[in-house]
Amino acid sequence: MSTLDARLRKAIFTTLERHLPQAELASFSPEARLNEDLALDSIMLLQLFVHLELEHDLTVPEDAVIGDDLHRVEDLVAMLRRWQGETVP
C-alpha cells in the first residue's frame, strides 16, 4: 500500500465520518462496496466528492464521477490517485 493510497483512504474515511454519518463506517475497508456495504447512494457520493474537494483539495472532474467503475472504496482511491498524481500533500 502506497503512502498516497493510505492518505486518500484516510481522507475518504474522515470525510464520511464528519459529513455523512449515515454511512456504514464499520464496514469501511479497501474492498468495501460503496453502495452495498457503506450504504452510499448517488447523492451521498456527490456530497463526498464536494467535501473531499473543499477540505482536502482533491479534485475530480465531473465527468469522471459519472461511471460504472466506482463500486468499491479501492476504485474511489484509484480514481482520486489518477486525478491527483503524486502531488497530494
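Of note:
- Residue separation of Thr3 and Glu31 scaled by 0.36 nm, minus their Cα-Cα distance, works out to 8.3 nm of gained length.
- Solvent exposure of the chain as accessible area per residue, Å², 1.4 Å probe: 60 Å²
- Percentage relative contact order, the chain, counting C-alpha pairs under 8 Å, at least six apart: 35 percent
- Listed values (i) 0.91; (ii) 1.05; (iii) 1.19, entry calculated as Rg/Rh (Cα atoms, Kirkwood Rh): (i)
- Carbon + sulfur, % of accessible area of the chain - ligands and nucleic acids excluded, 1.4 Å: 53 percent
- Label-to-label distance, Lys10 versus Asp75, with points set 7 angstrom from Cα along the beta-carbon direction: 2.6 nm.
- Efficiency of FRET from Cβ geometry, Gln47 and Arg82, R₀ 25 Å, rounded to 0.05: 0.75
- Close amide H pairs (under 5 Å, H built 1.01 Å from N) link Arg72 with Leu34, residues at least 5 positions away or on another chain.
The values are calculated or read from the model by the stated rules, or taken from the named source; none is laboratory data. Being a predicted model, the structure only gives us computed values, none of them experimental. Every residue, glycine as well, gets a Cβ built from its backbone with ideal geometry; the counts of neighbours run over all protein chains shown. For the accessible areas, the whole protein counts, side chains as well, though only heavy atoms, and no ligand, DNA or RNA atoms are used. Shrake-Rupley method; radii C 1.70, N 1.55, O 1.52, S 1.80 Å.
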